[in-house]
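Working notes, beginning with the structure itself.
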Amino acid sequence: MPETKVLTKYRGEKDSHTISHYKSKGGYEAAKKALTSMTSDQIVDEVKKSGLRGRGGAGFPTGMKWSFIDKKSTKPKYLVCNADEGEPGTFKDRILLEELPHQMVEGMIIAAKAIDAHHAFIYIRGEYTLSIDRVQQAVDEAYAAGLLGKNILGSGYDLEMALYQGAGAYICGEETALINSLEGRRGHPRLKPPFPAVAGLYGCPTVVNNVETFSAVTHIIQNGSDWYAKMGTPKSTGTRLFSVSGPVKNPGVFEITLGTPLMTLINELCGGMRDGKKLRGIIPGGSSVPILTAKECETANMDFESMADHKTMLGSGAVIVLAEDTDIVETTFRLAEFYAHESCGQCTPCREGTHWVAGLLHKIKDGHGTQKDLDLILSLSVNMEGGTTICPLADACVGAVRPTILKYRSEFESRLIKENKHVA
Amino acid sequence: MLMSYKFSDKSEKRFQLLQTQFPDKRSLILPCLYLVQTDEGMVSTESMEYIANRIGSPIELAHVYGVATFYTMYNKKQVGKFHIQICENISCYIMGNDNITNHLCKKFGIKKGETTPDKKFTVTGVQCLGACGYAPMMQINEKYYENLSLEEVDKIINSLE
């Protein structure tokens, strides 16, 4: 099965990141169409009809998110691009930022018009230095071509766009933490409501969307919602970029229509397992989502519904493959340690819980843990989820740990010692 | 670090541009910390005070300090000329990152998180850098090195001046 290349069609071509290449392929026609011949409501409706759901992780319908902006509000409206890709296993936005930044910028121009925003910001994770250079170049080129700034393409519409470099905090991928960071604060998520659509950046109505979401918007406006909605399944329309890592023959980023079987992605596009290894399990949507066992992988499709049926999520589109020789106790510990490191510290269940989980897993993986420790992880995880915290970081930690323990329990139990006689 | 830090000419120019880009000057704290780090290799309390003064009231040192200590990419202490950061998260672990960390620590005679006595190399273990499909990987200063073997790591290190 080949890829369905919509967003990545020109990936790998020489100078694909430049405006001359982009324009030679019909680039910025969609922005022109949106600015000169569509009303903001028409843009929102078109995106709603396309069925596009956010590509950052939560999968919220994009058009609906835009429609929450009160256009009658006298406050300025802001548009923010979340390019703070940080979910372990995820590296798909990096491709779009480094190689194809103009389609994202174009999508942002369209989205800005849809919500009547005249200021847009791109928040890029600090480590992505090549992405930052390429996006800055793209924005500069767009300004020079009259596609940003005052009176874009003679349409009378003004839009200013600026980059903002993150500084190594995973939590800033959460939209309200990102907004705080963009305001020059510590990246602490905010209590919702009010949602950003009501009071976001600088207290003003704000829409935050992912890099891939904006990139898809460009194609939806260019080719129409019907064309887009024909791809994928009725409830999970379009294509999606999946970043596959782990011991497969050919890891990397692949664009496929939603609804493609998970094992088709692994066996056909990734060439199957490396060195004839046997599949152990797959984390299908970034480190925060529950793992699928090899057997569950056989029936899972890459769409929102099939993932929900398998009690997991599509998340950020990061497919992490584990082989028979992967130490699952160690990988689970690494993930728990990650969440402990990245907890912002505002909420007790998360600040304390993530460190407890990581600490107990450390003990178990090193062969000092008892049955009590394993039971403690499971019981305290209940207090870390389901709305006991401001943001879902603690839930993500639970999602990465508890299903793994339950599905691979014998592996954890084989590390336990009978009774810990030493005082911890 | 001199007590009398001020932006380099390049940073000053950038600062002037940044002031026009954000509706609220508080937003300048993060970019200013980067300017200092580019100039000095780290962010000291003195430079944070300078930032607070340049941005001006109501921003105080406490605001800048609070931000600088929240984010891991700001070096609060001096790192070596080459800051080697090795991803330790799941995909890199599966593909064998620990071998690289151990190899480099042994090669330099330091522990993870330490700097060599000649201040040339610092080895740090970090969280996911978004190169999972090209694991194991490391970042040296701003550059990514991917799909690494121990031989390649040696070659890269030996080529650093």
Q) Taking segment A:303-352 only, how many residues are within 11 Å of chain B (Cβ to nearest Cβ) and more than 26 Å from A:HIS368 (Cα to Cα)? A) 7
(Q) Between A:ALA120, A:ALA142, A:ALA114, which is more than 14 Å from chain B (Cβ to nearest Cβ), outside any loop (DSSP other than H, G, I, E, B) and more than 28 Å from A:LYS235 (Cβ to Cβ)? (A) A:ALA142
Q) Going by the structure shown, is A:ALA197 modelled with pLDDT of 95 or more, away from chain B (no Cβ under 14 Å), under 23 Å from A:LYS71 (Cα atoms) and more than 19 Å from the chain's Cα centre (by Cα)? A) yes
Q | Any hit, segment A:238-255, residues being in contact with a strand residue (DSSP E or B) (Cβ under 8 Å, 6 or more places away or on another chain), surrounded by fewer than 19 Cβ atoms within 10 Å (Cβ to Cβ) and in contact (Cβ under 8 Å) with a residue 60 or more places away in the chain | A | no
Q: Could you tell me whether any residue of segment A:351-373 is closer than 19 Å to A:GLY57 by Cβ, touching a residue at least 24 places away in the same chain (Cβ under 8 Å) and in contact with a Ser or Thr (Cβ under 8 Å, 6 or more places away or on another chain)?
A: yes
Q: Of the numbered conditions (1) under 17 Å from the mean Cα position of the chain (by Cα); (2) within 14 Å of chain B (Cβ to nearest Cβ); (3) β-branched (Val, Ile, Thr), A:VAL208 fails exactly one; give the number of that condition.
A: (2)
Q.
Suppose we filter A:ALA396, A:ALA318 for residues that are more than 24 Å from B:GLY96 (Cβ to Cβ), touching a residue at least 60 places away in the same chain (Cβ under 8 Å) and surrounded by 23 or more Cβ atoms within 10 Å (Cβ to Cβ); which single one remains?
A. A:ALA396
(Q) Among the residues of segment A:169-186, what is the count of those that are more than 9 Å from every other protein chain (Cβ to nearest Cβ) and either more than 16 Å from B:PHE22 (Cβ to Cβ) or of a type in the set (A, V, I, L, M, F, W, C) (or both)? (A) 8
Q: Mind listing whichever residues of segment A:316-369 are within 18 Å of A:GLY86 (Cα to Cα), in contact with a strand residue (DSSP E or B) (Cβ under 8 Å, 6 or more places away or on another chain) and assigned to a helix (DSSP H, G or I)?
A: A:THR331
Q: Mind telling me which of the residues A:GLU85, A:GLU29, A:GLU98 ends up being surrounded by fewer than 24 Cβ atoms within 10 Å (Cβ to Cβ) and either among the basic types (Lys, Arg) or closer than 30 Å to A:ILE283 by Cβ (or both)?
A: A:GLU98
Q) Do the conditions hold for B:ILE59, that is, is it without any contact (Cβ under 8 Å) to a residue 60 or more places away in the chain, part of a loop (DSSP other than H, G, I, E, B), in the same structural domain as B:SER44 (by TED's automatic domain parsing) and not acidic (Asp, Glu)? A) yes
Q: Might you let me know whether segment A:97-108 holds any residue that is in the same structural domain as A:VAL208 (by TED's automatic domain parsing), polar (S, T, N, Q), in contact with a Ser or Thr (Cβ under 7 Å, 6 or more places away or on another chain) and in a helix (DSSP H, G or I)?
A: yes
(Q) I'm told B:PHE82 meets every condition in (1) free of Cβ contacts under 8 Å to residues at least 12 places away in the same chain; (2) in contact with a Leu (Cβ under 9 Å, 6 or more places away or on another chain) except one. Can you identify the failing condition by its number? (A) (1)
Q) Across segment A:47-65, what is the total count of residues that are under 14 Å from A:PHE214 (Cα atoms) and in a helix (DSSP H, G or I)? A) 6
Q) What about B:THR69, is it at pLDDT 95 or above, more than 15 Å from the chain's Cα centre (by Cα) and not aliphatic (A, V, I, L, M)? A) no
**Q.** Given (1) touching a residue at least 40 places away in the same chain (Cβ under 8 Å); (2) not assigned by TED's automatic domain parsing to the domain that holds B:LEU18, index of the condition B:TYR50 fails
**A.** (2)
Q. Within segment B:124-155, restricting attention to residues that are more than 30 Å from A:LEU97 (Cβ to Cβ) and of a type in the set (D, E, K, R), which residue is farthest from the other protein chains (Cβ to nearest Cβ)?
A. B:ASP154
Q.
Checking the conditions here, which among A:MET384, A:MET313 is assigned to a loop (DSSP other than H, G, I, E, B) and closer than 28 Å to A:ARG274 by Cβ?
A. A:MET313
Q: Just give me the residues in segment B:102-123 being in contact (Cβ under 8 Å) with a residue 24 or more places away in the chain, buried (at least 20 other Cβ atoms within 10 Å of the Cβ) and either within 14 Å of chain A (Cβ to nearest Cβ) or out of contact with any Gly (no Cβ under 9 Å at 6 or more places or on another chain) (or both), in sequence order.
A: B:LEU104
Q.
Within segment A:151-259, considering only strands (runs of 3 or more DSSP E) that don't extend past its boundaries, which have at least 2 residues that are outside the structural domain of A:HIS119 (by TED's automatic domain parsing)?
A. A:239-245, A:252-257
Q. Looking at this structure, is B:LYS10 assigned to a loop (DSSP other than H, G, I, E, B) and surrounded by fewer than 17 Cβ atoms within 10 Å (Cβ to Cβ)?
A. no
Q) Which one of the conditions (1) in a helix (DSSP H, G or I); (2) within 14 Å of chain A (Cβ to nearest Cβ) does B:PRO23 fail to meet, given that it meets all the rest? A) (1)
Q.
Every residue in segment B:95-145 that is among the hydroxyl-bearing types (Ser, Thr, Tyr) and assigned to a helix (DSSP H, G or I), please.
A. B:THR101, B:TYR134
Q: Could you please give the count of residues in segment B:67-87 that are within 7 Å of another protein chain (Cβ to nearest Cβ) and either of a type in the set (S, T, N, Q) or in a loop (DSSP other than H, G, I, E, B) (or both)?
A: 4
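The values are calculated or read from the model by the stated rules, or taken from the named source; none is laboratory data. For clarity, every value in this text was computed on a predicted model and none was experimentally measured. So basically every Cβ, Gly included, is an ideal-geometry build from the backbone, and we count neighbours across all protein chains shown.
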